[in-house]
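Please read the structure below before turning to the comments.
Read the figures in this text as sums done on the coordinates, not as results from a lab. Here the structure is a predicted model, which is why all the values come from computation and not from measurement. In this analysis, Cβ positions are derived from the backbone assuming ideal geometry, glycine residues included, and neighbour counts consider all displayed protein chains.
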Amino acid sequence: MAALAVTASAAPLQAESAGTDVTVSVTNLRNTDGVLRACMTRDEDRFPRCQNAQQGYRVVVPAGEGAVLHFRNVTPGTYAIALLHDENDNGRADRALGMMPTEGFGFSRDAPVRMGPPDFDDAAVTIGSESSRLTIRMRYML
């Protein structure tokens, strides 16, 4: 499978003052189907879905090995990042038997997944005033 480099910039979920840039490289995609959905949030109660999170950023890019996501003007603070390889681009994480994810996922700090998604603290990264680079490895259960 040929590598496809994809880059995109994330817009904040709410207006933020000028900040720093965060670059996330994505590895271990099993195919180039669909899109990658990413959210980066400071809201512990909304992680990992980030629905209605007021303190974060989202980006959606075409899937491709070597994908790079850019979060721009990030206000320094503690964030957690969640990725979904939405292979059929239906806007949600598909599941088998109601709970086993059938699509890929990944988290900052390669946070462990046990009987559900990781806690915010397990995925938390500190973003300072300097640009940051992270790598997130996609994982697949099925």
Filtering the stretch 81-100 for residues that are more than 22 Å from residue 41 (Cα to Cα) and either of a type in the set (Phe, Trp, Tyr) or in a strand (DSSP E or B) (or both) leaves a count of 3
Worksheet item: Within the stretch 101-116, is there a residue that is in a helix (DSSP H, G or I), touching a helix residue (DSSP H, G or I) at 6+ places or on another chain (Cβ under 8 Å) and under 23 Å from residue 19 (Cβ atoms)?
Response: yes
Residues of the stretch 43-52 being touching a helix residue (DSSP H, G or I) at 6+ places or on another chain (Cβ under 8 Å) and under 17 Å from residue 91 (Cα atoms), in sequence order, are 47, 48, 52
Filter the stretch 57-85 for residues that are more than 16 Å from residue 132 (Cβ to Cβ) and touching a residue at least 60 places away in the same chain (Cβ under 8 Å); the one that is surrounded by the most Cβ atoms within 10 Å (Cβ to Cβ) is 67
Exactly one of 37, 58, 49, 72 is part of a loop (DSSP other than H, G, I, E, B), at negative phi and basic (Lys, Arg), and that one is 49
